[in-house]
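Have a look at the structure below before the remarks.
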Ligand code: SAH
């Protein structure tokens with residue numbers, strides 16, 4: 001036994017750890033020995049004393065500890081982090097050909113074995129989010145290892161999300177290494193240029209998880225009149241326009257996002273005459289378009305997270321049903337709906353049921369043509385289903 005503080009679980013509560021799920025909830029803990037500070041390494045043991053995991057203690061959160069390793073020989077520290085980050089980068093190299101993009105999620109938290117660490121690369125800039133007490137404790141070594149292994153000299157921190165509050169951590173953002181970006185960073189994804197505002201854009205600046213879905217939906221857009229709901233900086237819109245969409249109307253409530261979207265359009269030399277941009281609430285805009293008698297052949301809906309956890313699922317379901325129902329009312333027969341949910345609290349099965357309910361109410365018959373998930377730099381571990389948050393359906397109206 002080490003001299004690290006110990007969490008001993010209540011009898012029977014070791015089961016999820018034995019299945020390699022990386023979270024220890026406060027209610028599962030029987031006894032705390034020692035007085036671990038926020039982010040300190042603790043040993044997690046079953047009621048019978050058997051070793052279960054090394055974890056990071058988080059006194060403020062209901063997720064009281066997050067696992068670093070299930071192997072007693074792997075004591076958390078720079079060596080273990082280096083191994084995990086190298087493995088994460090090797091996975092990206094194997095799964096994503098370099099010509100696909102120069103913007104990638106290099107580390108995706110629990111799904112890469114580093115709970116609470118996000119690292120996104122945009123060209124030569126690395127943007128990190130430190131969202132757990134454990135990663136906060138190891139912040140400097142983690143950033144140093146990321147910089148060395150990725151080769152990105154410029155590192156910018158965007159630890160400014162609500163998740164940090166749950167861990168009892170104050171928000172923090174700013175340049176960590178190298179110069180502060182003096183404007184958006186230019187990236188190239190599936191042949192399309194985007195400018196990414198890593199300083200004040202949403203998330204770390206771009207929705208990398210939708211990369212391959214943007215490309216796929218673009219391919220389906222040729223010759224179609226497209227409506228892109230929740231367009232952010234124009235992702236699906238530019239992909240559709242570059243693949244020959246007849247027109248694209250893009251809606252978002254964020255003025256800065258739309259401004260960048262227009263710049264992205266110009267950057268790619270795409271025809272502004274085929275694109276319209278609407279700063280509006282999508283819920284209201286869909287109704288208004290209906291009242292105006294507008295019709296489309298392809299509708300994309302990629303809303304923000306309505307349900308972060310399962311307890312928000314009912315309210316989220318009403319939101320998803322509303323937008324999908326109203327989108328279907330705008331869709332011509334033979335038209336396509338590409339509809340997404342990035343809510344961890346809504347399972348793929350529930351999402352499909354909600355959309356089926358919307359179709360029934362709209363009097364539409366829908367053929368399920370394809371399913372969407374996140375790009376491979378957002379890996380999913382079967383033992384951590386929470387990592388599979390993004391799902392989407394491609395539906396054809398019959
Ligand atoms: N599809 C985009 C990402 C969408 S993220 C891409 O590929 O990059 C979700 C977007 O929804 C954000 O841009 C946010 O500003 C916008 N948003 C959130 N609530 C909204 C609402 N009620 N109406 C319109 N836009 C909204």
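Residues that are outside any strand (DSSP E or B), under 19 Å from residue 372 (Cα atoms) and away from the ligand (no atom under 13 Å from the Cβ) do occur in the range 221-229, at least one of them. Scanning the range 242-279 for residues that are within 17 Å of residue 186 (Cα to Cα), without any contact (Cβ under 8 Å) to a residue 40 or more places away in the chain and touching a strand residue (DSSP E or B) at 6+ places or on another chain (Cβ under 7 Å) yields 258, 261, 262, 265. Count of the range 236-254 residues, restricted to those that are within 15 Å of residue 282 (Cβ to Cβ) and within 11 Å of the ligand (Cβ to nearest atom), is 7.
Taking the range 284-300, which residues are in contact with a helix residue (DSSP H, G or I) (Cβ under 6 Å, 6 or more places away or on another chain) and within 9 Å of the ligand (Cβ to nearest atom)? Listed by number, the list holds a single entry, 300.
Return yes or no: is residue 199 more than 9 Å from the ligand (Cβ to nearest atom), assigned to a strand (DSSP E or B) and either over 22 Å from residue 95 (Cα atoms) or in contact with a helix residue (DSSP H, G or I) (Cβ under 6 Å, 6 or more places away or on another chain) (or both)? Against the criterion (more than 9 Å from the ligand (Cβ to nearest atom), assigned to a strand (DSSP E or B) and either over 22 Å from residue 95 (Cα atoms) or in contact with a helix residue (DSSP H, G or I) (Cβ under 6 Å, 6 or more places away or on another chain) (or both)), residue 199 does not qualify. Number of residues in the range 263-283 that are in a helix (DSSP H, G or I) and within 16 Å of the ligand (Cβ to nearest atom) equals 6. Only helices (runs of 4 or more DSSP H) whose full extent lies in the range 89-173 are considered here, and the ones with at least 3 residues that are modelled with pLDDT of 95 or more and more than 16 Å from the chain's Cα centre (by Cα) are 133-137, 139-150. Of the strands (runs of 3 or more DSSP E) lying entirely inside the range 288-398, those carrying at least 3 residues that are buried (at least 21 other Cβ atoms within 10 Å of the Cβ) and in contact with a strand residue (DSSP E or B) (Cβ under 6 Å, 6 or more places away or on another chain) are 296-301, 331-341, 391-397.
Scan the range 337-350 residue by residue and report those that are within 26 Å of residue 239 (Cα to Cα) and more than 16 Å from the ligand (Cβ to nearest atom). Of everything in the range 337-350, just one residue is within 26 Å of residue 239 (Cα to Cα) and more than 16 Å from the ligand (Cβ to nearest atom), namely 348.
The values are calculated or read from the model by the stated rules, or taken from the named source; none is laboratory data. If you're wondering where the values come from, they're calculated on a predicted model, not measured in any experiment. Cβ coordinates were reconstructed from backbone atoms using ideal geometry, including for glycine residues, and neighbour counts include every protein chain displayed.
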